[in-house]
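Have a look at the structure below, then the notes.
The values are calculated or read from the model by the stated rules, or taken from the named source; none is laboratory data. Quantities reported herein were computed from a predicted structural model and do not represent experimental measurements. Neighbour counts run over all protein chains shown; Cβ positions are idealised from the backbone, glycine included. Surface areas here come from the heavy atoms of the whole protein model, side chains and all, with no ligands, DNA or RNA. Shrake-Rupley method; radii C 1.70, N 1.55, O 1.52, S 1.80 Å.
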Amino acid sequence: DISIPGELAVDSDLNGASPQFTLTCISTGGPATTVTWTRDSTTVTQGAQTVLNDPVTAQYTYTLTVTTAGVYTCTVANNKPSSASASFTLEGPPSPTDVTAVQTGPTSITVTWTPPDPLDGITGYRISFAGGSGVDIDGGSTNSYTLTGLTNGQTYTISIVAIVPNRPTSAPEVREITLVSVPEKPTIDMDIIDTTSTTITISWSLPPDVTGFEVSWELTEQTRRRRRVRNAEGGTSGRLSADQNSYTIDKLRSGTSYDITVTVFNPAGSSSTTFTRSTDGGVIDANQAESTSCECDNTSAIIGGVVAVVLIIATSLTVIVVVILVLRSRSGNYSAKTRHDHTLLH
């Protein structure tokens, strides 16, 4: 029968940034038909396995080279059937906790974590993902890193480990995330837009992968020019949940056209649809006139006042000139008559 007379032995190679540790499992009683290595009850796929046969002692040696801390178990078996196993704990630093991986741009993922407390000699972290090389991050207190240059639509399995010099890395914390693309523009259902004299209610179909939306509005440029309104009298809904598919804009002017924009968001970015809609009616009632007072252009008002003053001055000058001319005419007639009467006397 196969037996393992003792626990696993370990040897280390501490050269380089990633120290390697070789685990040795020795069995007796004949060669094994299967040898299984596990780390923390999970089958190990890293490292290489070597079989050495000693015909004198009938011992068989199996080795595995690793870099990560954990409880390793070697199980050997043959087809008698007979099996035996042994375990060894390779101690490393504590793992970071509260690990998250969030898309923060069209081609980027930000990984965040909580460093162990105490740090236990941790000098940094290593982040790895399939299709990319590992990234070593300095600083035991560091708690975030952004991976860039990634690909939309691809799923990334990201792992992070703590690093202590000359010790195995901590057990990896793994997260999976799929990058989404910038959302398509929302489709506005023009047939079911509802309007009153002071409100506009709109509905839409949101594209997939949307995490939120926002509605904004303002007076059309033509309306602003026609009414000499300097303020666009616009507003915004603020960021709203993606599970909502309609919104009512209120406190609007009666019989007035507005440019309305619906913007949708996701981690990759945003896109918008803009259209024009008018409230019902053509006359602003007294109450609405008070709440939507016109903020006219001050420049136009100043120019109008100057023109009025100039007209008044011009009219006054004209009157003065006419009076002077009349007085001069009367004075000339009087002088002529006086000279005539004086001539008759002589």
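General remarks:
- Accessible area per residue, Å², the range 204-281 with all protein chains present, probe 1.4 Å: 50
- Taking all protein chains together and rolling a 1.4 Å probe, residue 185 ends up with roughly 130 Å² accessible.
- Only protein atoms count toward the accessible area here, which uses a 1.4 Å probe; on the range 189-264, the carbon and sulfur part of that area reaches 39 percent.
- The modelled label-to-label distance for the pair residue 146/residue 36, using points 7 Å beyond Cα in the direction of Cβ, is 4.5 nm.
- Accessible area per residue, Å², the range 75-156 with all protein chains present, probe 1.4 Å: 50
- Charged neighbours of residue 98, selected by a Cβ distance under 13 Å, balance to -1 (K, R count +1; D, E count -1).
- Percent carbon-and-sulfur accessible area, the range 138-177, ignoring ligands, DNA and RNA, probe 1.4 Å: 42
- Two-site FRET efficiency, residue 181 against residue 228, from Cβ-Cβ distance with R₀ of 56 Å, rounded to 0.05: 0.80
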